[in-house]
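Read the structure below first, then the notes.
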């Protein structure tokens, strides 16, 4: 896979060779990976022989030597035609992108995979991440597979399940007093001081390249076409921005026709800085000092890619909306009870927002809509325990069942 | 003594005379950036402050670990021995 790759500053356009520098020395802007798109010759047939994981798109990923790939078989998750749920919320052509089935049960296996593989390519001796929970497990799992020491920075008060899962992979988990932004800052300082490859900080340029594979997959699974509308849960804004980059690259290499897809952002009420800016027509993000939402994986008060995600929503004629904790839980139940998919609160946010937009007439029943479900419900059961009925206790005989079983 | 300790990412050390840690005196963040610009050249100021005189959104500055966006941005008061950390604003999650 010898495609040409360079880095380019998203703010001022200055170009750099591939390296583990992660921001523009001139203007502090983030760097993006660009490819020589003329070299990429994708067509439907070449994918028949490729692996059924995110590495099937290796020619548009930054790893130059395939030997450096750390593979835990993430990606190529199902795109499900969700007719039951579609009927329930009033959509005729509705799909769920089910990223709960990744190896560590969230979409973070995509960016962490590319980030850790690049750490191997750069010969870094240790890796890590700052995480609201899902990335902790993903990074730790890849580090275990790569045999690298791993330092995971988390805020206080994460869901027990996420911490337990991450601990099982054997990283050093550092719980930072304060919120996610405090953990993120300390991880950035540690990355700089100890030369740790922190996937979402000094390897973030590459990390987001993993996230864009969600876009490639949606297009491939729709027979190399784009839907009318995609609903994306937003924490930092990096996923939304990466998804757009993925779609734009598909157009550049000519495998899809012109993009006419709308991209909309979903956030939890209590941590919805992007939604606020969108609704108030601002061109900046006003950070939230104390995020409050049960969607902890989206509880980023100061979204690093927020402004870029905001611009993309506008460019793609999308919308931004938030939902309350109650609406999140209701959406989790609705998804589970119609399609058999148990989502964590972030998925409840994207589905809850979709439902709200359809009810408000902002999305029409005929639109082909894809809703991203990015993490599994087992990672955050505390959000729904107590909201669900208790099991029915019975004596072990048939008579006890008579009042329960409906014939 | 009685100076403010500023830490910048390794990647920017060359901009600040090869130092990751710089000591300056200033009463608030705006004055601190002016001091840095005086010592290391005017483009330092352009990197930090936009055309409207505000802190550019691609940069996060922390005073004793607290993000200045929650404490008055460039008008954030500084005291001797405060620790100022400058980092690019990067996405996480």
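Data overview
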quantity: Where residue A:346 falls short, out of the listed (1) surrounded by fewer than 21 Cβ atoms within 10 Å (Cβ to Cβ); (2) part of a helix (DSSP H, G or I); calculated: (1)
quantity: Residue match in region A:227-236 (condition: in a loop (DSSP other than H, G, I, E, B) and over 21 Å from residue A:30 (Cα atoms)); calculated: yes
quantity: Region A:93-131, residues that are in a loop (DSSP other than H, G, I, E, B) and modelled with pLDDT of 95 or more; calculated: A:102, A:103, A:104, A:105, A:107, A:108, A:122, A:123, A:124, A:125, A:126
quantity: Test: residue in region A:301-315 that is assigned to a helix (DSSP H, G or I) and closer than 20 Å to residue A:161 by Cβ; calculated: no
quantity: Search result, residues across region B:73-93 that are within 13 Å of chain A (Cβ to nearest Cβ) and either in contact (Cβ under 8 Å) with a residue 60 or more places away in the chain or part of a loop (DSSP other than H, G, I, E, B) (or both); calculated: B:83, B:84, B:85, B:86, B:87, B:88, B:89, B:90, B:91, B:92, B:93
quantity: Failed condition for residue B:70, given (1) modelled with pLDDT under 90; (2) touching a helix residue (DSSP H, G or I) at 6+ places or on another chain (Cβ under 8 Å); calculated: (2)
quantity: Flag if residue A:298 is touching a residue at least 40 places away in the same chain (Cβ under 8 Å), touching a strand residue (DSSP E or B) at 6+ places or on another chain (Cβ under 6 Å) and within 14 Å of another protein chain (Cβ to nearest Cβ); calculated: yes
quantity: Selection from region A:168-187 of residues that are within 22 Å of residue A:381 (Cα to Cα) and in contact with a strand residue (DSSP E or B) (Cβ under 6 Å, 6 or more places away or on another chain); calculated: A:173, A:175, A:179, A:180
quantity: Residue selected from region A:275-289 under the condition touching a strand residue (DSSP E or B) at 6+ places or on another chain (Cβ under 9 Å) and within 12 Å of another protein chain (Cβ to nearest Cβ), by the criterion modelled with the highest pLDDT; calculated: A:277
quantity: Qualifying residues in region A:137-164 (those that are assigned to a helix (DSSP H, G or I), within 14 Å of chain B (Cβ to nearest Cβ) and modelled with pLDDT of 95 or more) - the one farthest from residue A:63 (Cα to Cα); calculated: A:137
quantity: Cβ pairs under 8 Å, 6+ apart, first in region A:12-30 and under 17 Å from residue B:48 (Cα atoms) and more than 8 Å from chain B (Cβ to nearest Cβ), second modelled with pLDDT under 90 and surrounded by 16 or more Cβ atoms within 10 Å (Cβ to Cβ); calculated: A:12/A:27
quantity: Counted residues, region A:1-39 - those being on the phi > 0 side of the Ramachandran plot and in contact with a strand residue (DSSP E or B) (Cβ under 6 Å, 6 or more places away or on another chain); calculated: 1
quantity: Which listed residue is away from chain B (no Cβ under 14 Å), touching a helix residue (DSSP H, G or I) at 6+ places or on another chain (Cβ under 9 Å) and modelled with pLDDT of 95 or more, from A:219, A:309, A:242; calculated: A:219
quantity: The one condition in (1) in contact with a helix residue (DSSP H, G or I) (Cβ under 9 Å, 6 or more places away or on another chain); (2) surrounded by 19 or more Cβ atoms within 10 Å (Cβ to Cβ); (3) within 11 Å of chain A (Cβ to nearest Cβ); (4) closer than 28 Å to residue A:152 by Cβ that residue B:48 fails to fulfil; calculated: (4)
quantity: Count of region A:165-201 residues which are more than 8 Å from every other protein chain (Cβ to nearest Cβ), part of a loop (DSSP other than H, G, I, E, B) and under 23 Å from residue A:63 (Cβ atoms); calculated: 5
quantity: Residue A:123, sole failed condition from (1) more than 9 Å from chain B (Cβ to nearest Cβ); (2) buried (at least 24 other Cβ atoms within 10 Å of the Cβ); calculated: (2)
quantity: Count of residues meeting criterion [surrounded by fewer than 16 Cβ atoms within 10 Å (Cβ to Cβ) and within 28 Å of residue A:251 (Cβ to Cβ)] in region A:72-92; calculated: 3
quantity: Of the criteria (1) without any contact (Cβ under 8 Å) to a residue 40 or more places away in the chain; (2) buried (at least 17 other Cβ atoms within 10 Å of the Cβ); (3) within 26 Å of residue A:206 (Cβ to Cβ), which one residue B:22 fails; calculated: (3)
quantity: Yes/no for residue A:65 being touching a residue at least 40 places away in the same chain (Cβ under 8 Å), more than 26 Å from residue A:146 (Cα to Cα), surrounded by fewer than 16 Cβ atoms within 10 Å (Cβ to Cβ) and more than 14 Å from every other protein chain (Cβ to nearest Cβ); calculated: no
quantity: Subset of region B:41-72 (residues that are in a helix (DSSP H, G or I) and over 13 Å from the mean Cα position of the chain (by Cα)); calculated: B:43, B:70
quantity: Selection status of residue A:57, within 21 Å of residue A:230 (Cβ to Cβ) and out of contact with any strand residue (DSSP E or B) (no Cβ under 6 Å at 6 or more places or on another chain); calculated: yes
quantity: Unique residue being in contact (Cβ under 8 Å) with a residue 24 or more places away in the chain, surrounded by 13 or more Cβ atoms within 10 Å (Cβ to Cβ), farther than 16 Å from residue B:87 by Cβ and in contact with a strand residue (DSSP E or B) (Cβ under 7 Å, 6 or more places away or on another chain) when the list is B:35, B:3; calculated: B:3
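Residue by residue, here is whether (1) within 14 Å of chain B (Cβ to nearest Cβ); (2) part of a helix (DSSP H, G or I); (3) within 30 Å of residue A:356 (Cβ to Cβ) holds:
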position	(1), (2), (3)
A:33	no, no, no
A:72	no, no, no
A:77	no, no, yes
A:85	no, yes, yes
A:91	no, no, yes
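The values are calculated or read from the model by the stated rules, or taken from the named source; none is laboratory data. As the structure is a prediction and not an experimental result, all values here were calculated from the model. All Cβ positions, glycine included, derive from the backbone under ideal geometry; neighbour counts span all protein chains shown.
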